[in-house]
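In what follows, a structure is listed as structure tokens, so that the remarks can point back to it.
Since every read-out is calculated from the coordinates, none of them should be taken as a lab result. This structure is a prediction, so every number in the text was calculated from the model and none was measured. Here Cβ is always computed from backbone atoms with ideal geometry, including for glycine, and neighbour counts include all displayed protein chains.
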Amino acid sequence: MVKTKVAVLASGDGSNFEALVNATRAGSLHAEIVGLITNRAGVGVLSRAERLKVPSATLARAQFSSPEEWNIAIRDQLKKWQAEWIILAGYTGLIGATILAAFPNRVVNSHPSLLPKFGGKGMYGDKVHAAVLQAKELETGITVHLLNERFDEGPIVAQTKVAIEANDTAESLAERVKSRERLFYPTVLQDLLTGRIKTR
Ligand code: GRF
């Protein structure tokens, strides 16, 4: 069976990126990761890509004269790799209409909270976990959703809950969520790619 070609966009440490690559190589995620795009030079995910021998491209906003030019460059790179699905794994850049139109219903994100709670512009990384603790929530979780032009508001594909412990800090909570995410995200993606979860 031909493997679905997927590209990953990430901006940080890349532990989820590595988990996705490992899942494809172990066969639990029936896909080929054709490339990694990051918007930040020198981030951990780039060294992981190099070590795992996944092609990568760094396309930062500052290299382009407008958000549109930037998005066109990203779209063109994704097309060059013949990516069919676009997987966001801790990506902080803007995904505009140009990219969304090229991959309708094929851009997926994992957000580290139970959306619609703790989503929206500026809610990423430890800021999410700090806000969850500040609000004295009893539980948090992970939401896998399709992307549309409004941050964190695309259709929800799957969610899972993660417990909050009494002496959690934003860092300890982030680590618990991420370790769950590294198993959950590839599993949900396998269901999406095989059509077991329908996108419309
Ligand atoms: C993940 O929790 C992801 O959901 C969030 O940022 C984190 C990325 O971590 N948006 P890593 O870079 O994969 O280690």
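Of the residues 55, 166, 41, the one whose Cα sits farthest towards the positive end of the charge dipole of the chain is 55 (charges of +1 on Lys and Arg Cβ, -1 on Asp and Glu Cβ, taken about the Cα centre). Taking a point 7 Å from the Cα of residue 149 along the Cα-to-Cβ direction, the residues of the range 114-129 with backbone N closer than 18 Å to it are 120-121.
Here each label is just a point 7 Å from Cα along the line to Cβ, and for residue 171 and residue 53 those points are 3.6 nm apart.
If a spin label sat at a point 7 angstrom from the Cα of residue 126 along the line to its beta carbon, the backbone N atoms of the range 159-182 nearer than 11 Å would be those of 169-175.
Between the C-alpha center of the range 95-120 and that of the range 15-86 there is a gap of 16 Å. Put simply, when 8-19, 159-170, 123-134 are sorted by average Cβ atoms within 10 angstrom per residue, most first, you get 8-19, 123-134, 159-170.
Dipole magnitude for the chain: computed about the Cα centre from +1 point charges on Lys and Arg Cβ and -1 point charges on Asp and Glu Cβ, it is near 500 debye. With R₀ set to 22 Å, the beta-carbon distance separating residue 68 from residue 105 gives a calculated FRET efficiency near 0.50.
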